[in-house]
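Participant: Just dropping this structure here.
We did not get these values from a lab; they are worked out from the coordinates using the rules stated. Keep in mind that this is a model prediction, so the values were computed, not measured. Cβ sites come from the backbone with ideal geometry, for glycine too, and all protein chains shown count toward neighbours.
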Amino acid sequence: MKNFTIYILIALSLYLILLESTTRVFDLSGHTIPETNLNNNRLARPNSEGIWIRGGMREIASHYKINQQGFNSLKDYLTLDKNKVNIAIVGDSYIEGFHVDIENSIGRILEAETHNEFEVHEYGKSGGNIVDFSLIFNQWIRNRYDYTFVLVTNEDIISNEASFMGRGNPIPQKSIIREIYNQCSFIRYLNINHGLNSKLQKLFSFSGRPKMAKKSIMPNDINVFALKEFDSTCVILYEKEKLDTTLLSSFKLPCAEVVHKYTPFNHGFDSHWNFNGRKNCALTIKNYINKGEYVQ
C-alpha cells in the first residue's frame, strides 16, 4: 500500500510538472484582470494591458486595454466630441468585451459602421447588474451623452445590491496564496480556462439536493428604484431569450432587441459574443438611432 501511494504521488507530480511546462511554453493559461479601488468603485486597474485567454487550447486570446476610468477601452471617457453623436453603452461582461480584441469592440464597430459620425463609450464590467448600471448612469453618463443603451437580462433587473459600484473596499489584498496562484500556470489553467473552482462549487452546492424548478420572475421582483434612475435618453438593449420586456412595460423605457443577423454570434463553448455578436449589437444600435425612434 505504501509503495502504491508513493507511485501515485510520483505520477501526480510528474503530471503537474508536465502541465506546468506545457501551459507555460504554449502560453495557454488565463490570468485575473487586476482590479483596484477607483473612487470607491471596484474596477479594472487603469493602464493595465495584456492578452485575455480562455479555452483549453487558447481558443480565445484577445487584446485588452484599460482606460483611466477603469473600463476596457481604447478611449478615455473624460472628453466628448460635440460634433458627433455621443453614445454610452452600459452592461456586464458582454459590453466589457474581453472575449474579442479591444480594437473590435462594439463601440469601435459602431463608429466604423457610421463613418465616425458616432462617438461610443462602453461602460462594461463583469457581474454587473441593474444597480451597478444605474449608478454608472448617474456618475458618468447623465446629461453628457445623446443616447444611453443599457444591456439587461431578467436576472439583472431583480438584483438589489451592486456588484462593483460603491464596493471598492473589498478588493483582496496580495497574499502568499494569491502570489502562488498568480505564478502557477497550471493552477490558473485549470481554474480560469476550465472553471475548476466554479464547477466544484456547483458540485458541492447541489450534491444530495433535489433539483428545484426555476422560479418565474414576477413584476414585484423587479428593482423599481434602480430602473427609475434612467431618463428619456435611455434605451434597453436585450436578447429575446434573456429578457421578458413585458416586465418593463410600466417604466416607459424604449427597448431594442439585439437581432443576430450574423452567425455564429458566440464562441460555442462560451456564450459570450464573438465578433459577429458584437457587430449584431452595433447594428442594432445604429438601426435604432437611424430610424429616429428617439428624438432629442
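Participant: Lysines within cross-link reach of K252: Cα-Cα under 16 Å, excluding same-chain residues under 8 positions apart?
Facilitator: Straight-line reach from K252, under 16 Å: K228.
Participant: For the range 230-296, what ratio Rg/Rh do Cα atoms give with a Kirkwood hydrodynamic radius?
Facilitator: Ratio value, two decimals: 1.01.
Participant: May I pose another question? So, in nm, how far is label L74 from label M57 when the simple model puts each one 7 Å beyond its Cα toward the Cβ?
Facilitator: Each label point lies 7 Å from its Cα, and together they span 3.0 nm.
Participant: Also: Calculate how large, on average over all directions, the projected area of the Cα convex hull of the chain is; give the answer in nm² to one decimal.
Facilitator: 19.0 nm²
Participant: Which pairs in the list K65/K199; K75/K199; K65/K286; K242/K291; K2/K199 are over 27 Å apart, alpha-carbon to alpha-carbon?
Facilitator: K65/K199; K75/K199; K2/K199
Participant: Which order do the peptides 53-61, 232-240 come out in when sorted by mean C-beta neighbours inside 10 angstrom, highest first?
Facilitator: Packing proxy ranking, top to bottom: 232-240, 53-61.
Participant: For the chain, calculate the relative contact order in percent as a whole number, restricting contacts to Cα pairs under 8 Å that are 6 or more residues apart.
Facilitator: 19 percent
Participant: Stick to the Cα atoms of the range 1-61, pair each with every other, and give me the Kirkwood hydrodynamic radius in Å at one decimal.
Facilitator: In the range 1-61 this quantity evaluates to 14.8 Å.
Participant: What number comes out for the charge environment of S163, summing +1 per Lys or Arg and -1 per Asp or Glu over other residues with Cβ under 15 Å away?
Facilitator: So the surrounding residues net to -4.
Participant: Continuing with this model, one more query. For the range 37-163, take the convex hull of the Cα atoms, compute a quarter of its surface area, and give me that in nm², please.
Facilitator: 8.4 nm²
Participant: So how far apart, in nm, are the two label points at Q139 and S126 if each is 7 Å from Cα heading toward Cβ?
Facilitator: It is 1.9 nm.
Participant: Here's a follow-up. Please compute the length gained on full extension between E103 and V85, using 0.36 nm multiplied by the number of residues separating them and subtracting their Cα-Cα distance.
Facilitator: Gain on extension, E103 to V85, equals 4.5 nm.
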